[in-house]
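Beneath this line is the structure, given in structure tokens, with notes to follow.
The values are calculated or read from the model by the stated rules, or taken from the named source; none is laboratory data. The structure displayed is predicted, hence computed values, not measured ones. Cβ atoms come from the backbone with ideal geometry, glycine included; neighbour counts cover every protein chain shown. The accessibility values were calculated without ligands, DNA or RNA, using every heavy atom of the protein model including side chains. Shrake-Rupley method; radii C 1.70, N 1.55, O 1.52, S 1.80 Å.
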Amino acid sequence: MKDFSKRSFRSDEEFDELCFEFGLELDEITSEKDIISREQGDQKASEASDVVLYKIDVPANRYDLLCLEGLVRGLQVFKDKMEAPRYSRVNPLNGDPQRLIITGETASVRPHAVAAVLRNITFTPERYDSFIELQEKLHQNICRRRTLVAIGTHDLDTISGPFTYTAKAPDDIRFKPLNQNQEYSATQLMGFYKTDSHLRHYLHIIEDEPLYPVIYDSNGIVLSMPPIINGDHSKISVNTKNVFIECTATDLTKAKIVLDMIVTMFSEHCDQPFTVEEAEVVYPDGRMVTYPELAYRTETLSADYINSKVGINETAESIAQLLTRMCLKSEVTSDGAEIQVEIPPTRSDVIHACDIMEDAAMAYGFNNITRTTPRTYTVANQFPLNKLTELLRLDLATAGFTEALTFALCSQEDIADKLQKNLKDTKAVHISNPKTAEFQVARTTLLPGLLKTLAANRKMPLPLKLFEISDVVLRDESTDVGARNSRRLCAVYYNKTPGFEVIHGLLDRVMQLLEVKPGRNHGYYIQAAEDSTYFPGRCAEIFSHGKSIGRLGVLHPDVINSFELTMPCSALDIDIEPFL
């Protein structure tokens, strides 16, 4: 949400149109007073500000548009009001660069760090608020809630380098955290912030680690304990003139992007606009790297590529001008057929030629692209497997069964222990970092989902007849991703009596619909089988054209009890893909 209280455009409609042309969306024009009035009533909003606020929807990968400075700069370049600035890294005027030394102890928790200095910057209350707001938005976005990168900004005049980034036992770290009046140990801080509405969401990142990351200056003053909190001693304010920025990370690439983004957005407020003072980072192995990188790179692509993909017919010179308006400085090569595009450090979203093509399309104007009939004539058709599924759904519902739609993920118990199977034999695909015990693996059978549905509807009149036709996921080393989907049909009959004949009759009806006749050679038949999920002597394997396609039978009492059911239940579980 951005504040454009000093408007340079003639109307809100004009600004809305400008945002659309630039590839953004103006969601709402409001004020703090209006927001509070809607949420809490007019009485609460009486003293709130009525400054006009513009809520603008920014693409998730455009980190350079997350603050007012970057957004205004981008719009001004787009409107040819200014040229895209050239960002440069400079040496300190006096003395050596600031140095951040990384020790080996950090390897187990947050091994990477980058740093830079914004020298002689001038903050106003608005600029300061924007500076803090950008950090928070980056934390929520590219930093993935501080798990990948954590940003620390410090008043350089209150501390002295070189700085040391290390990791220590929680009880060995003591400092006064930001906006607090007393010192705490790291262990005490973890308990203190358990109830903090903002910081408690980040405690899990390091609280179970034996060592906590911490940054000291040369006098032993704690700058920060990333990714949780900065120290109060080095906090920045509106009066801060020199800002030391450090980013600790588990992903070095993301850290470089975050650092570049902060310094490029706010270097315009320095005495030497768009310059950033370099800082040195010394790694445990002795390597020394200078940051920020502020790397520019050049991509070359043809005008024909852009014209063909966008659907326009512009010259290379015209396309170069369009790209330049999108902060991608472009020039036509000597042969006039190709365009050299310079990617600035603010555009980390540009990875491939298609990203450049997209910017050219936006600068040209999507509404200005002539509508044409596609050269290739195609006729859409329903995917055969989905068509078969829809036909079966209708007829199974007609047969008196109710369709259920259950989760594609389930717990390990659901597909193994509760069905009396060995988990290793299920060919299940496991989730690497499950958030809950209910969603640990991708289901290998539809049966647990239907039995859970029965358990949730035990108060409904008997009999309960349910079915589901959906995909299961099975490990398959022969596929490029190591797994494959299989479309299954599963039905259950729950009553005071097992109802094996009902489920058998449903199988006959399904085969009749699929035009498969009874018979051992070219039809279908069932054959007695042993399966731990089913009652002994009450299970049959189903064969069609000589191949096993599934099972039907009466479920084992232990299986029924494990799903908190109390009455007999029979089930049908078949693969329908062979019938295509």
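How far apart, in nm, are two points set 7 Å out from the Cα along the Cα-to-Cβ line at A529 and at N313?
It works out to 6.4 nm between the two label points.
Mind listing P(r) for the chain? All alpha-carbon pairs, 20 Å bins, whole percents.
16, 32, 33, 18, 1
Subtracting the Cα-Cα distance from 0.36 nm times the residue separation, let me have the gained length for A60 to S237 in nm, one decimal.
Full extension of this stretch gives 60.8 nm more.
Calculate the radius of gyration of the Cα atoms of the stretch 483-561 to one decimal place, then report Dmax, the largest Cα-Cα distance, as a whole number, both in Å.
That works out to 13.3, 39 Å for Rg and Dmax.
Mind checking which lysines have their Cα closer than 16 Å to the Cα of K459? Skip sequence neighbours fewer than 8 apart in that chain.
Once the sequence-local lysines are set aside, what remains near K459 is K496.
Out of all DSSP beta bridges with both ends in the chain, state the antiparallel percent to the nearest 5.
Antiparallel bridges make up about 85 percent of those DSSP assigns within the chain.
Which pairs break 25 Å Cα to Cα here: K424/K452; K55/K176; K256/K435?
The pairs that break the limit, which is 25 Å between Cα atoms, are K55/K176; K256/K435.
If we sort 68-76, 281-289, 481-489 on the protection proxy, mean other Cβ atoms within 10 Å, highest first, what's the order?
Values: 68-76: 19.7, 281-289: 12.7, 481-489: 15.7.
Top to bottom by mean Cβ count within 10 Å: 68-76, 481-489, 281-289.
Order of 16-25, 396-405 by packing, highest average Cβ count within 10 Å first?
16-25, 396-405
Enter the Cα centre distance for the pair the stretch 239-292 and the stretch 10-54, rounded to the nearest angstrom.
Centre-to-centre (Cα) distance: 34 Å.
At a 1.4 Å probe radius, which order do Y377, Y494, Y216 fall into by accessible area, largest first?
Y377, Y216, Y494
Separation of the stretch 393-445 and the stretch 505-557 by C-alpha centroid, Å?
That distance is 21 Å.
Lys and Arg at +1, Asp and Glu at -1: add these up for the other residues within a Cβ distance under 12 Å of T158 and post the number.
For residues surrounding T158, the net value is -2.
For K44, which lysines qualify as cross-link partners when the Cα separation must be under 21 Å and same-chain residues fewer than eight apart are set aside?
K33
For T376 and T187, what does the FRET efficiency come to when R0 = 51 Å and r is the distance between their Cβ atoms, rounded to the nearest 0.05? Could you put the intermediate results ahead of the total?
On the way: r = 66 Å, r/R0 = 1.29.
About 0.20, to the nearest 0.05.
Enumerate the calculated ³J(HN,Hα) couplings along the stretch 421-432 in order (Karplus 6.51 cos²θ - 1.76 cosθ + 1.60, θ = phi - 60°), each rounded to whole Hz, writing x wherever the residue is Gly or Pro.
Once rounded to whole Hz, the list reads 10, 8, 4, 5, 8, 8, 6, 7, 8, 8, 7, 6.
Under 1.5 on a/c is rounded, so check that first for the stretch 107-234, then, if it is not, pick prolate when a/b is larger than b/c and oblate when it is not; a ≥ b ≥ c are the square roots of the alpha carbon gyration tensor eigenvalues.
Judged from the Cα gyration tensor, the stretch 107-234 comes out rounded (a/c under 1.5).
Could you please state how large a percent of the accessible area of the chain is carbon and sulfur, counting protein chains only and using a 1.4 Å probe?
48 percent
List the aspartates and glutamates whose alpha-carbon lies under 13 Å from that of K309, not counting same-chain residues fewer than 8 positions away?
Counting by Cα, and skipping residues close in sequence, K309 has these aspartates and glutamates nearby: D355, E358, D359.
Tell me, what ³J(HN,Hα) does each residue in the stretch 152-167 have, in order and in whole Hz, if you take phi through Karplus 6.51 cos²θ - 1.76 cosθ + 1.60 with θ = phi - 60° and put x for Gly and Pro?
Karplus values, whole Hz, x for Gly and Pro: x, 10, 9, 6, 5, 6, 9, 9, 9, x, x, 9, 10, 9, 9, 9.
On a full-extension model of 0.36 nm per residue, what is the gain between E105 and E293, subtracting their alpha-carbon distance, rounded to one decimal in nm?
That works out to 65.2 nm of additional length.
Taking H placed 1.01 Å from N in the peptide plane, check which residues at least 5 places from V90 or on another chain put their amide H under 5 Å from its amide H.
For V90, the qualifying residues are V276, E277, E278.
Calculate the FRET efficiency for E32 and T124 from the Cβ-Cβ distance with a Förster distance of 25 Å, rounded to the nearest 0.05.
The pair E32/T124 has a calculated efficiency of 0.85.
7 Å from Cα along Cα→Cβ at both E477 and D271: what's the point-to-point distance in nm?
Rounded to a tenth, the inter-label distance reads 6.7 nm.
Would you mind classifying the stretch 423-536 by shape? Square roots of the alpha carbon gyration tensor eigenvalues, ordered a ≥ b ≥ c; an a/c under 1.5 is rounded, otherwise it is prolate if a/b is larger than b/c and oblate if not. List each step's numbers first, then the result.
Details: a/c = 2.12, a/b = 1.23, b/c = 1.73.
Here the stretch 423-536 falls in the oblate category.
Suppose R0 equals 41 Å. What FRET efficiency, 1/(1 + (r/R0)^6) with r the Cβ-Cβ distance, do E209 and K427 give to the nearest 0.05?
Computed FRET efficiency for E209 and K427: 0.70.
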